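Asks: The structure follows.
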């Protein structure tokens with residue numbers, strides 16, 4: 001038989017074990033509670049971000065609707081090629097700007113001289129600018145049917161596993177794939193090019209000064225004259241102001257509009273979105289050609305329809 005002291009030791013050891021087990025259980029519960037609190041906080045943050053994204057999409061859709069209304073609400077001869085307005089919606093203030101895509105150089109329609117002028121105006125040497133323009137035209141031009149394509153050979157010689165498209169640019173970002181164009185130059189030129197204008201000329205009223213400076217043969221005096229009071233320019237006055245470059249300019253817009261929406265939510269979050277819409281007078285007020293936000297920075301080309309796909 002065990003003595004009383006032995007029984008007391010057994011009881012003490014059992015009590016100690018129970019205490020240790022209880023402490024382990026309490027520690028595990030505390031860890032689970034901590035993990036759960038982090039999960040709840042992350043979930044709440046994620047839901048808030050998703051909620052802002054949904055609200056931002058609604059704001060942009062409203063901005064596109066209002067842009068289409070402003071453009072189509074005026075008589076054809078008075079339709080604005082650019083404009084700005086502000087809206088308040090979904091706990092956000094939004095500043096909206098729109099401008100015709102004719103203010104940009106169309107990669108699929110521009111002449112070699114205009115392309116080379118743009119590269120030169122953005123810092124390329126005369127020889128490099130000519131080379132870059134040749135490569136852009138080589139990318140968009142169909143290959144010869146009766147001989148080897150020299151453009152294709154340039155891509156193979158550069159070790160690339162693809163060749164030129166041999167068809168129009170689908171997106172301006174394809175410039176990054178054109179052989180021989182430095183990434184820094186591609187980044188510099190992107191704000192001034194488009195694939196949605198459909199015009200070989202640029203709108204002299206709306207184009208950035210860098211684009212007007214890219215017009216072949218333009219002198220500093222002609223540039224200053226063109227930039228002086230652009231909104232008063234007509235086809236005849238722009239011809240007189242720009243001289244030999246007159247064949248590359250127009251005072252007309254295009255059916256495609258680029259809409260930029262800067263949103264500031266009451267929560268303090270800022271979101272920028274940019275879309276290109278086509279207003280062609282068909283059954284739908286507009287068609288979205290491209291849409292991106294600063295959250296995903298991904299452009300999409302949706303099927304024909306109203307609003308975002």
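Values in this text are rule-based calculations from the coordinates and carry no lab data. What you are looking at is a predicted structure, and each value in this text was computed from that prediction instead of being measured. Quick reminder, even Gly has a Cβ in these numbers, built from the backbone with ideal geometry, and neighbours come from all protein chains shown.
Asks: Does region 109-186 come out rounded, prolate or oblate by the C-alpha gyration tensor, with a ≥ b ≥ c the root eigenvalues, rounded set by a/c under 1.5 and, if not, prolate when a/b is larger than b/c and oblate if not?
Replies: Prolate shape, in that a/c is at least 1.5 and a/b is the bigger ratio.
Asks: Here's a follow-up. Report the FRET efficiency, 1/(1 + (r/R0)^6), for residue 177 and residue 66, where r is their Cβ-Cβ distance and R0 is 41 Å, rounded to 0.05. Intermediate values should be presented prior to the final figure.
Replies: Details: r = 36 Å, r/R0 = 0.87.
Efficiency computed from Cβ-Cβ geometry: 0.70.
Asks: While we're looking at this one, here's another question. Given the peptides 198-207, 52-61, 86-95, arrange them by the average over their residues of other C-beta atoms within 10 Å, most packed first.
Replies: 198-207, 52-61, 86-95
Asks: Multiply the residue separation of residue 170 and residue 284 by 0.36 nm, subtract the distance between their alpha-carbon atoms, and state the gained length in nm to one decimal. Spell out each step's value before the answer.
Replies: Numbers: separation 114, 0.36 × 114 = 41.04 nm, distance 2.29 nm.
Extra length from residue 170 to residue 284 when fully extended: 38.7 nm.
Asks: Neighbour counts of other C-beta atoms within 10 Å: give me 125, 111, 147 arranged from fewest to most. If you can, show how the numbers build up before the last one.
Replies: Details: 125 10, 111 16, 147 7.
In order of increasing Cβ crowding within 10 Å: 147, 125, 111.
Asks: Say each of residue 112 and residue 269 gets a label point 7 Å from the Cα, pointing the same way as Cα to Cβ; how far apart are those two points in nm?
Replies: Each label point lies 7 Å from its Cα, and together they span 5.0 nm.
Asks: Okay, next question. Going by C-beta contacts inside 10 Å, put 284, 130 in order with the fewest on the left.
Replies: Fewest-to-most ranking of 284, 130: 284, 130.
Asks: So if R0 is 25 Å, what FRET efficiency would residue 184 and residue 95 give, r being the distance between their Cβ atoms, rounded to the nearest 0.05?
Replies: 0.25
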